[in-house]
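The structure appears right after this line, and notes come after that.
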Amino acid sequence: MALTGLDIFKQLPKTNCKDCGMSTCLAFAMALAKGSTELDLCPHVSESAKKFLDIASAPPIRSVIVGVGPNQLTLGGETVLFRHDKTFINQTAIVIKISDTLAPDELDEKIRNINGLSMKRMGQRIGVNAIAITNCSQKPETFKAVVDIVAARAKNLNLILLVENAIALEAVLPGIAAQKPLVGSATANNWQAMVALAKRYAVPLIIKGNGLNDTAALVEKVASEYKELVIDTGMRNTAKVLVALTNIRRLALKKKFRPFGFPTIAFTTAEDPNDEIIQAGVFVAKYASIVILKADEKPYVLPLLTFRMNLYTDPQKPIAVEANLYEIGAVTPESPVYVCTNFSLTYYAVEGEVLNSKIPGYIIAVDTEGTSVLTAWASGRFDAQTITDFVQKSGIAEKVSHRTLVIPGYVAVISGKLQEKSGWNVIVGPQEAVGIPAFAKAYYTKDA
Ligand code: SF4
């Protein structure tokens with residue numbers, strides 16, 4: 001159970017010295033209970049009280065690191081049940097599973113496919129995060145050989161070693177521990193050996209229970225010795241996993257139930273890849289820190305990556321590109337000039353369609369604080385004066401020989417005023433970016 005402010009207050013020196021920045025020890029205790037300050041800010045708390053109070057100052061869900069380098073994963077660390085309460089912090093890791101029984105050419109092809117599972121979306125590169133290797137062969141030497149191949153050929157991906165045989169895990173860890181793979185699972189039968197290995201090699205460990213109660217009991221036992229843990233409830237039925245993950249998140253955040261204060265892992269089971277991606281999407285939405293799946297083809301995996309990206313954007317921050325003048329393709333002084341807002345979705349939709357039109361063009365992304373065309377127009381951030389100021393500042397007049405701007409069809413109403421203020425001819429373009437190729441062909445090809 002979480003400590004109350006009064007429980008914490010009893011452990012403090014009660015001198016009201018204000019060194020923590022609070023006016024009284026009681027105020028500090030209340031803030032600590034709410035999680036809005038840190039125990040370290042009181043320099044006078046005794047060691048024994050510190051130990052006792054660690055439980056109150058610890059985050060409700062621990063962050064666990066997998067991997068090293070720029071693609072390292074941080075799992076867990078979440079503080080809210082619903083994204084709109086604040087934001088989700090560490091996005092669900094999407095991981096493709098392979099077996100150590102694959103023939104060499106199948107293994108090659110799998111690794112190639114998985115390495116290719118990434119794309120650029122809204123200015124960011126998004127992709128799968130790790131490869132999970134399962135010890136289906138049950139042979140330590142086979143497992144080690146496959147892990148070594150994957151580690152050498154999938155350098156940008158993290159590793160998850162799914163092996164319940166401590167001997168097989170021990171065969172692999174000396175050569176791979178520096179890459180900080182996630183390993184497991186530790187179960188009721190093998191946890192002492194697995195925890196000893198995880199501690200010795202400083203790698204995070206999956207704890208696999210059998211249902212919620214059993215998992216909580218096992219995690220409690222293990223966490224007294226090692227805390228770099230990821231929870232697997234052992235459940236595989238989609239509905240049951242959904243309920244279990246929801247309960248784990250709720251109990252961790254609302255009740256500060258410590259055995260559930262760790263990241264979670266979920267496994268897909270559906271054979272059909274379409275069903276599997278839907279199952280994976282359910283786990284991404286609620287509330288897996290890692291989803292392990294088999295599908296490794298772009299048409300299945302890329303939509304899942306997009307879904308994850310949408311879910312994990314911060315609702316407190318509009319996603320915006322830098323307000324600027326952009327050159328799309330090999331522009332010339334005759335190239336068209338499109339005006340849009342600096343809302344990422346708008347900008348990248350326009351950029352993509354200008355490229356599709358095969359007629360190079362300029363895009364002036366006006367600073368609308370990352371809001372879309374209609375929202376910006378309605379709030380006065382995309383009116384004739386703002387656009388005129390931005391066009392003048394952008395330097396476009398020195399780059400083109402014409403004086404024509406193309407504005408989004410949704411703001412046709414400002415065309416007259418914009419023409420008047422800017423002195424540029426204004427053409428009303430299509431309402432949706434998808435109309436740009438046909439529009440560009442009609443206006444900007446010589447034979448049109
Ligand atoms: Fe109390 Fe510690 Fe804050 Fe001083 S620094 S007021 S002792 S909580």
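The values are calculated or read from the model by the stated rules, or taken from the named source; none is laboratory data. All of these numbers come straight from a predicted model, not from anything done at the bench. Counting neighbours? That spans all protein chains shown, and the Cβs are built from the backbone with ideal geometry, glycine included. Heavy atoms of the whole protein, side chains included, go into the accessibility calculation; ligands, DNA and RNA do not. Shrake-Rupley method; radii C 1.70, N 1.55, O 1.52, S 1.80 Å.
Taking Y410 as the residue in question, decide whether it is part of a helix (DSSP H, G or I), in contact with a Cys (Cβ under 8 Å, 6 or more places away or on another chain) and closer than 30 Å to N310 by Cβ. It would help to see each step written out before you state the result.
Working: part of a helix (DSSP H, G or I): yes; in contact with a Cys (Cβ under 8 Å, 6 or more places away or on another chain): no; closer than 30 Å to N310 by Cβ: yes.
In short, no.
Please determine whether any residue of region 82-90 is surrounded by fewer than 19 Cβ atoms within 10 Å (Cβ to Cβ), free of Cβ contacts under 8 Å to residues at least 12 places away in the same chain and assigned by TED's automatic domain parsing to the domain that holds I277.
Scanning region 82-90, I find at least one residue that is surrounded by fewer than 19 Cβ atoms within 10 Å (Cβ to Cβ), free of Cβ contacts under 8 Å to residues at least 12 places away in the same chain and assigned by TED's automatic domain parsing to the domain that holds I277, so the answer is yes.
Identify all residues within region 242-266 that are farther than 29 Å from A33 by Cα and over 18 Å from the mean Cα position of the chain (by Cα); write none if there are none.
L242
Is it the case, given these coordinates, that T101 is of a type in the set (S, T, N, Q), over 16 Å from I231 (Cβ atoms) and either out of contact with any Pro (no Cβ under 6 Å at 6 or more places or on another chain) or open to solvent by 40 Å² or more (accessible area, probe 1.4 Å) (or both)? Spell out how you get there, then give the answer.
Numbers: of a type in the set (S, T, N, Q): yes; over 16 Å from I231 (Cβ atoms): yes; either out of contact with any Pro (no Cβ under 6 Å at 6 or more places or on another chain) or open to solvent by 40 Å² or more (accessible area, probe 1.4 Å) (or both): yes.
Spelling it out, T101 is indeed of a type in the set (S, T, N, Q), over 16 Å from I231 (Cβ atoms) and either out of contact with any Pro (no Cβ under 6 Å at 6 or more places or on another chain) or open to solvent by 40 Å² or more (accessible area, probe 1.4 Å) (or both).
Which of the residues that make up region 1-37 are in a loop (DSSP other than H, G, I, E, B), more than 7 Å from the ligand (Cβ to nearest atom) and among the hydrophobic types (A, V, I, L, M, F, W, C)?
Once the filter is applied, which keeps residues that are in a loop (DSSP other than H, G, I, E, B), more than 7 Å from the ligand (Cβ to nearest atom) and among the hydrophobic types (A, V, I, L, M, F, W, C), region 1-37 yields M1, A2, L3.
So which residues in region 423-448 are over 26 Å from L345 (Cα atoms) and either in a helix (DSSP H, G or I) or modelled with pLDDT of 95 or more (or both)?
Scanning region 423-448 gives G423, W424, N425.
Which residues, counting only those in region 365-401, are farther than 22 Å from T332 by Cβ and of a type in the set (V, I, T)?
Across region 365-401, the qualifying residues are V366, T368, T371, V373, T375, T386, I387, T388.
Residues checked against (1) surrounded by 14 or more Cβ atoms within 10 Å (Cβ to Cβ); (2) modelled with pLDDT of 95 or more:
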position	(1), (2)
P273	yes, yes
I278	yes, yes
V282	yes, yes
S289	yes, yes
I292	yes, yes
L302	yes, yes
M309	yes, no
D314	no, no
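Just for region 38-48: of the residues that are near the ligand (Cβ under 10 Å from one of its atoms) and assigned to a helix (DSSP H, G or I), which one is least open to solvent (accessible area, probe 1.4 Å)?
The extreme case among them is L39.
Please enumerate the residues belonging to region 210-221 that are open to solvent by less than 60 Å² (accessible area, probe 1.4 Å) and more than 12 Å from F260 (Cα to Cα). Even if it seems obvious, please write down each step before you answer.
Initially, region 210-221 is screened for residues open to solvent by less than 60 Å² (accessible area, probe 1.4 Å), giving 211-212, 215-219.
The one that is open to solvent by less than 60 Å² (accessible area, probe 1.4 Å) and more than 12 Å from F260 (Cα to Cα): G211.
Take S357 and decide whether it is under 30 Å from Y444 (Cα atoms), modelled with pLDDT under 95, more than 22 Å from the chain's Cα centre (by Cα) and buried (at least 17 other Cβ atoms within 10 Å of the Cβ).
No.
Tell me yes or no: at least one residue of region 374-383 is part of a loop (DSSP other than H, G, I, E, B), open to solvent by less than 70 Å² (accessible area, probe 1.4 Å) and modelled with pLDDT under 95.
yes
Quick check on region 362-370. Is at least one of its residues more than 16 Å from E322 (Cα to Cα) and open to solvent by less than 30 Å² (accessible area, probe 1.4 Å)?
No, because not a single residue in region 362-370 is more than 16 Å from E322 (Cα to Cα) and open to solvent by less than 30 Å² (accessible area, probe 1.4 Å).
Of all the helices (runs of 4 or more DSSP H) wholly in region 221-316, which have at least 2 residues that are outside the structural domain of A33 (by TED's automatic domain parsing) and either of a type in the set (G, A, S) or under 21 Å from T134 (Cα atoms) (or both)? Explain how you work it out, then say what you get.
Numbers: elements: 238-254, 273-285, 298-311.
Passing ranges, in order: 238-254, 273-285.
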